[in-house]
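Novice: Quick one: structure below, then a few questions.
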Amino acid sequence: MKIADNLEMLELHMKVMGVERIVYPTLMWDDDNIILVDTGIPSSLEMIKKQTETAGVSFAKLNKIIATQQDIDHIAGIKGILSENPEVMVLAHEEDKPYIQGEKKVKRLNSKFMDRIKDLPEEERSRIVDMFENSSVKVNSTLSDGEVLPYCGGITVIHTPGHTPGHICLYHQMSKTLIAGDAMNILHGQLVGPNEDPMSEDGVKANDAIDSLKKFKDYDIVSIITYHGGLFNDKPNERIKEVIRDRKFYSYMK
């Protein structure tokens, strides 16, 4: 879906934990850069290629991937892309870098998560664990809060810890679009808060996921792309204030 000139919201259908889900990576480009924000899972590759080409962009010229966080449904597709184009640079926040690179165990793969998937068929359970254990890739460059990337008309990095320690959002300056990752979600057409199961280690507390949203008050936002839910453009700044005030978490896993 076209959001603005040279800014496209992709739609990936995938099966996670035995449930069919849809996620929404973002594609943006200029004369020198083609950037994909988040990548789905390994089976997402052909959908990404097809939708990139449909948007009028050459997948073969993709040269940057930005990971908003370490969660497997955001990064597991990177390795497949790199197998076709090893020159693609991977960018992420310093705090999530060691998890994406496999130096630390991805935080979501814990006893609580294993209990959640224990009733899945063995083949599906093994596939999920395999994604966690075999999706590590090198992060070529780290991003910091407030950094402005000189690509695609300017992209501001907003560090929003809480869901993961290194979770980031991106503000596309030309279109006034906020790429929110998992910092917010959409439920029944309404913008809602972060997932109810944010990370709480490394000094990051669950409530930080809500408090991080306060950073958005400094931005004039016309559209929001959430990874789980897609596009929201109904007075987004006003709705963000309501989400912060309500301080409610949301679960898309139930």
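The values are calculated or read from the model by the stated rules, or taken from the named source; none is laboratory data. Just so it is clear, the model here is predicted, and its values are computed rather than measured. Here the Cβ positions follow ideal geometry from the backbone for every residue, glycine too, while neighbour counts run over all protein chains shown.
Novice: Check LEU149, LEU120 and return the single one that is surrounded by 14 or more Cβ atoms within 10 Å (Cβ to Cβ) and over 13 Å from HIS172 (Cα atoms). Steps first, please.
Specialist: Values: LEU149 fails: over 13 Å from HIS172 (Cα atoms).
The unique qualifying residue is LEU120.
Novice: In segment 15-28, what residues are of a type in the set (A, V, I, L, M, F, W, C) and either in contact with a Pro (Cβ under 6 Å, 6 or more places away or on another chain) or surrounded by fewer than 16 Cβ atoms within 10 Å (Cβ to Cβ) (or both)? Walk me through it before giving the result.
Specialist: Within segment 15-28, the first condition is being of a type in the set (A, V, I, L, M, F, W, C), and the residues that meet it are 16-17, 19, 22-23, 27-28.
Once the filter is applied, which keeps residues that are of a type in the set (A, V, I, L, M, F, W, C) and either in contact with a Pro (Cβ under 6 Å, 6 or more places away or on another chain) or surrounded by fewer than 16 Cβ atoms within 10 Å (Cβ to Cβ) (or both), segment 15-28 yields MET17, VAL19, ILE22.
Novice: So which of ASP31, ASP38 is within 26 Å of TYR171 (Cβ to Cβ), surrounded by fewer than 17 Cβ atoms within 10 Å (Cβ to Cβ) and at pLDDT 95 or above?
Specialist: ASP31
Novice: Within the set of pairs 6 or more residues apart or between chains, which connect a residue that is free of Cβ contacts under 8 Å to residues at least 40 places away in the same chain inside segment 235-251 to a residue that is surrounded by 15 or more Cβ atoms within 10 Å (Cβ to Cβ) with Cβ atoms less than 6 Å apart?
Specialist: Pairs that qualify, where the first residue is free of Cβ contacts under 8 Å to residues at least 40 places away in the same chain and the partner is surrounded by 15 or more Cβ atoms within 10 Å (Cβ to Cβ), are ASN237/ILE221; ILE244/LEU213.
Novice: Have a look at THR142, THR164 and point out the one that is polar (S, T, N, Q), crowded, with 23+ Cβ neighbours inside 10 Å and within 16 Å of VAL37 (Cβ to Cβ).
Specialist: Working: THR142 fails: crowded, with 23+ Cβ neighbours inside 10 Å.
Of THR142, THR164, the one residue that is polar (S, T, N, Q), crowded, with 23+ Cβ neighbours inside 10 Å and within 16 Å of VAL37 (Cβ to Cβ) is THR164.
Novice: How about segment 133-159: which of its residues are aliphatic (A, V, I, L, M) and part of a loop (DSSP other than H, G, I, E, B)?
Specialist: VAL137, VAL139, listed by residue number.
Novice: Now for a separate question. Based on what the data block shows, is ASP130 in a loop (DSSP other than H, G, I, E, B) and at pLDDT below 95?
Specialist: Numbers: in a loop (DSSP other than H, G, I, E, B): no; at pLDDT below 95: yes.
It is false that ASP130 is in a loop (DSSP other than H, G, I, E, B) and at pLDDT below 95.
Novice: Select from segment 1-12 the residues that are in contact (Cβ under 8 Å) with a residue 40 or more places away in the chain and assigned to a strand (DSSP E or B) and list them in ascending order.
Specialist: In the first step, residues of segment 1-12 are kept if they are in contact (Cβ under 8 Å) with a residue 40 or more places away in the chain; the result is 1-11.
Selection gives LYS2, ILE3, ALA4, LEU7, GLU8, MET9.
Novice: Just checking, which of GLY203, GLY162 is modelled with pLDDT under 95, within 20 Å of PHE113 (Cα to Cα) and not in a helix (DSSP H, G or I)? Write out each step before concluding.
Specialist: Details: GLY203 fails: within 20 Å of PHE113 (Cα to Cα).
That would be GLY162, the only listed residue that is modelled with pLDDT under 95, within 20 Å of PHE113 (Cα to Cα) and not in a helix (DSSP H, G or I).
Novice: Would you mind listing the helices (runs of 4 or more DSSP H) fully within segment 13-127 where at least 1 residues are free of Cβ contacts under 8 Å to residues at least 12 places away in the same chain? Walk me through it before giving the result.
Specialist: Numbers: elements: 45-54, 72-75, 78-84, 97-100, 111-117.
Answer list for segment 13-127: 45-54, 78-84, 97-100, 111-117.
Novice: What number of residues in segment 167-184 are surrounded by 24 or more Cβ atoms within 10 Å (Cβ to Cβ) and under 15 Å from PHE232 (Cβ atoms)?
Specialist: Final tally of qualifying residues: 10.
Novice: Does ASP38 satisfy being farther than 19 Å from ARG127 by Cα and touching a Pro at 6+ places or on another chain (Cβ under 6 Å)? Walk me through how you get there before you give the answer.
Specialist: Numbers: farther than 19 Å from ARG127 by Cα: yes; touching a Pro at 6+ places or on another chain (Cβ under 6 Å): yes.
So ASP38 passes the test.
Novice: Quick one: which of GLU95, GLU53 is over 26 Å from THR156 (Cβ atoms) and acidic (Asp, Glu)?
Specialist: Details: GLU95 fails: over 26 Å from THR156 (Cβ atoms).
Of the residues listed, the single one that is over 26 Å from THR156 (Cβ atoms) and acidic (Asp, Glu) is GLU53.
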